[in-house]
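Here's the structure we're looking at; comments come further down.
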Amino acid sequence: MKKIVTLAVLIGLSVYSIAEARIKISGRGAKMNFSSDGIPDMYKPAFDLMLVKCIKCHTMERTVIAVQTGRAPITGQPFNKQAVKAYGIKMLRKPNSDMDKKQIRDIVVLLNYFLDENAK
Ligand code: HEC
């Protein structure tokens, strides 16, 4: 019994600390999005770009969850800085992605910023 209680407390604490570290988001489910609150001005153009480009084929929920959990939600692959770059290129190469390399680079830099913020 004691073990179970200890375990429950540990799980509770780890869930709490993850929740604490999370970046600001808005909405839930399909409406889930990154919050623009507190985003430094230098990232704003990339943020606006991402809001348009990255919801063409799927909702932003996918990207938010990847940043928050550190795992890409479809494949379960790690979503860290190296992976962000690879995913950026993967999304760029998809048919009709309607993005260019420069735009992907800017969004990758922004997502790296979110990963840093999320780790704080
Ligand atoms: C042309 C369509 C298209 C666009 C535009 C697009 N995606 Fe995707 N995305 C997909 C598809 C299809 C998948 C499903 C898994 C796969 O093929 O990688 C996906 C999956 C994902 C995943 C989950 C990957 C995994 O392995 O679980 C993330 C994160 C993601 N996209 C982020 C983005 C970001 C960020 C952008 C904007 C830069 C973007 N997507 C733009 C089509 C697109």
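Stokes-Einstein diffusion of the range 2-119 at 37 °C, 0.692 mPa s viscosity, Kirkwood radius from Cα pairs, rounded to a whole number: 214 µm²/s.
Of all the options A66, A46, A30, the one that moves most in a Gaussian network model of the chain with Cα springs shorter than 10 angstrom is A30. Gain on full extension, evaluated as 0.36 nm per residue between K101 and V52 minus their Cα-Cα distance, stands at 16.1 nm. Given a Förster radius of 30 Å and the C-beta distance between K31 and T69 as r, what FRET efficiency does 1/(1 + (r/R0)^6) yield to the nearest 0.05? Once the sixth-power term is evaluated, E becomes 0.95.
Among residues other than N96 whose Cβ falls under 15 Å from its Cβ, what is the net charge (Lys/Arg +1, Asp/Glu -1)? Mind showing how you got there, number by number?
Numbers: positive: K53, K56, K90, R93, K94; negative: D98, D100.
Spelling it out: positives minus negatives among the neighbours equals +3.
Values quoted throughout were computed directly from the atomic coordinates according to the rules given, and no laboratory measurement underlies them. Predicted model, so just to flag it, every value in this text is computed and none were measured. When we count neighbours, we look across all protein chains shown, and the Cβ atoms used for this are built from the backbone with ideal geometry, even at glycine.
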